[in-house]
Amino acid sequence: MRIIIVGGNHAGIAAALRIREEYPDDEVIVFEKKDEITFVSQTIPLFLMGHQDIHSQANYATPQEIIAQGVDLRIQKEVTNIDAKKKLLNFRNVLTQHEHEISYDRLIMAAGSYPNLPPTGGKLNETLFLLKERKDAEAIEKFISEAHHAVVIGAGLVGVEIARILAQRKMKVTLIQSNARILDKYLDENAAIEVEKQLEEEGIDVLLGTRVLSYHTIEKKIWSRPKIEVETSSGKKVRADGVFVSVGFRPNSFLLAGQVETGDRGAIVVDKYMYTSDDSILAVGDCSTTYMDLTGENIYNPHASDAFRQGLIAAVNIHEKKQEVAMTTGTYKFNMDGFKIANTGITLNQAQKYGYDADEVHYQNHYLERGGKYIHESIAKYAPAEKGRKSHYSSIYLVYEKKTKRILGVQVLGTVDISQYVNIISLAIQKNVTVPEIEYTDFFFEHGYKNPLGFTKILASLVREKERESGRDGKEEKSDEVK
Ligand SMILES: Cc1cc2nc3c(=O)[nH]c(=O)nc-3n(C[C@H](O)[C@H](O)[C@H](O)COP(=O)(O)OP(=O)(O)OC[C@H]3O[C@@H](n4cnc5c(N)ncnc54)[C@H](O)[C@@H]3O)c2cc1C
């Protein structure tokens, strides 16, 4: 059987290698339009912070390594047309411009996504910047060396990261967010406020509840950089050297438009086996939909963690539907230098929106730094950080369903990295684990700490306390009910 994969990044390469392993007799051809594969976009912030070399550390595999494993990988070949009825595909050699045609038995669409771009002006890589590809990182590095003031539009995962990096690189930064809080897809209000304070401490001007109406180039003097003016819904106009647009991604699904079912934001709709509405075509990664745990939706949710898993599942199911994809809990960690954020599941806001009768507990831990090590200082609830002393801390929010005590989500943040707890909670959500169950699970004893229980057990005791205080545990009446 001939299997053709369109796109040689995370989803496409994961699928190709797994097909090689599962079905060694099949022919696997991958078309990738660029001259590289497996480019990790998360390397862009690390490169701009000076932590990683975009030239040598941004890819986890070379074309030669993939070809050596028996995959017919064809780089610099762009797929230009797909005829699903005839099972034919056209591709162009990007160097010679020659066009060719090839047939397939199965097609895996792994063509990824593009950054969303509002329609107003600015010249790309001069006054207007995106974050996705290697060339974007190189253009931004040049901009930082020449410019002074940047406007970042959109305070999601990518926008917050780039705003912090630009500020750390000594630029004046204005971060504009249309919603009431930053990172509202990932964090609840109080957690978001903690991050907003951190950004403000770092000198970033955060404009909340503000929409960008337009941005355009206002002057271009000889020997100097052009300036951009951003008009906002509050009437405020911001002049800057460049605008960074980070307002999400859109699926690259147009080659199959009208040939397979598309859904949320134009993403290719897939079933739980990664099959599209055409039974010879599968779709994976940023061009397709994702099944979300807890909300049950099949929506557009472009993330690398899903792209990998979906690639593997498509490979396993390429001959017959054998294995359902595990639902996505939504587990992310941000590359924030000196300040960590990670989350999984849903926020309290989202839980309420989807009809869960939910609540949230919060725990904050402070640390002293001694000899380069963090010493667990105290339970912050009983001994809050001294005023005026900049302390190291970690903050953790747990969302749960009141009646069943099922865990629905967790958000962790702070200057000390406790993000690994998030992976544990992701598994707990997938397995429908309740708060009491996690309290009684055998986790190691955290000796050396003032509270040796570990975060999961401390959170469980806070849930018990909250349920008791509210009278929901049946042991104590609510104070207003007593009256
Ligand atoms: C700055 C940044 C930070 C991020 N951080 C995180 C994070 O912390 N956690 C997380 O989970 N996700 C993160 N993401 C998202 C993540 O990078 C994407 O979800 C992931 O790249 C999707 O992989 P993919 O293979 O589906 O698609 P893509 O990476 O978009 O790759 C698609 C490939 O298909 C090729 N292609 C497209 N059209 C054609 C064609 N017609 N012919 C041939 N080839 C074609 C493209 O050249 C590309 O190589 C981040 C993204 C960015 C930009």
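The values are calculated or read from the model by the stated rules, or taken from the named source; none is laboratory data. What you are looking at is a predicted structure, and each value in this text was computed from that prediction instead of being measured. Glycine also receives a Cβ, built like all others from the backbone with ideal geometry; neighbour counts cover every protein chain displayed. Heads up: the accessible areas ignore ligands, DNA and RNA and are worked out on the full protein's heavy atoms, side chains in. Shrake-Rupley method; radii C 1.70, N 1.55, O 1.52, S 1.80 Å.
Where the second residue is of a type in the set (S, T, N, Q) and the first is open to solvent by 20 Å² or more (accessible area, probe 1.4 Å) and lies in the range 18-35, which pairs have Cβ atoms under 8 Å and are six or more apart or on separate chains? Here the result reads 20/69; 33/76; 34/76; 35/76, each pair linking the range 18-35 to a residue that is of a type in the set (S, T, N, Q).
Under the condition of being surrounded by 22 or more Cβ atoms within 10 Å (Cβ to Cβ) and part of a loop (DSSP other than H, G, I, E, B), the residues counted in the range 337-349 number 2.
Can you confirm whether residue 38 is crowded, with 16+ Cβ neighbours inside 10 Å and farther than 14 Å from residue 284 by Cα?
Details: crowded, with 16+ Cβ neighbours inside 10 Å: yes; farther than 14 Å from residue 284 by Cα: yes.
So residue 38 passes the test.
Does the range 154-167 contain at least one residue that is outside any loop (DSSP other than H, G, I, E, B), away from the ligand (no atom under 16 Å from the Cβ) and crowded, with 17+ Cβ neighbours inside 10 Å?
Going residue by residue through the range 154-167, those that are outside any loop (DSSP other than H, G, I, E, B) are 157-167.
Restricting the remaining residues to those that are away from the ligand (no atom under 16 Å from the Cβ) gives 167.
This time we only want the ones that are crowded, with 17+ Cβ neighbours inside 10 Å, so: 167.
Scanning the range 154-167 turns up at least one residue that is outside any loop (DSSP other than H, G, I, E, B), away from the ligand (no atom under 16 Å from the Cβ) and crowded, with 17+ Cβ neighbours inside 10 Å.
Take the residues in the range 23-35 that are in contact with a strand residue (DSSP E or B) (Cβ under 6 Å, 6 or more places away or on another chain) and in a loop (DSSP other than H, G, I, E, B), then tell me which one is nearest to residue 319 (Cα to Cα). It would help to see each step written out before you state the result.
Our first condition is that a residue be in contact with a strand residue (DSSP E or B) (Cβ under 6 Å, 6 or more places away or on another chain); within the range 23-35, this holds for 26-33, 35.
Pick out the ones that are also in a loop (DSSP other than H, G, I, E, B) and you get 26, 33, 35.
Numbers: 26: 10, 33: 27, 35: 30 Å.
Ranking the candidates gives 26 first.
Within the range 265-309, if we keep just the residues that are in a helix (DSSP H, G or I), open to solvent by 10 Å² or more (accessible area, probe 1.4 Å) and not charged (D, E, K, R), the residue that is farthest from the ligand (Cβ to nearest atom) turns out to be 266. For the range 237-259, a tally of residues being within 16 Å of the ligand (Cβ to nearest atom) and open to solvent by 10 Å² or more (accessible area, probe 1.4 Å) returns 12.
There is at least one residue in the range 119-133 that is near the ligand (Cβ under 9 Å from one of its atoms), buried (at least 19 other Cβ atoms within 10 Å of the Cβ) and within 22 Å of residue 205 (Cα to Cα).
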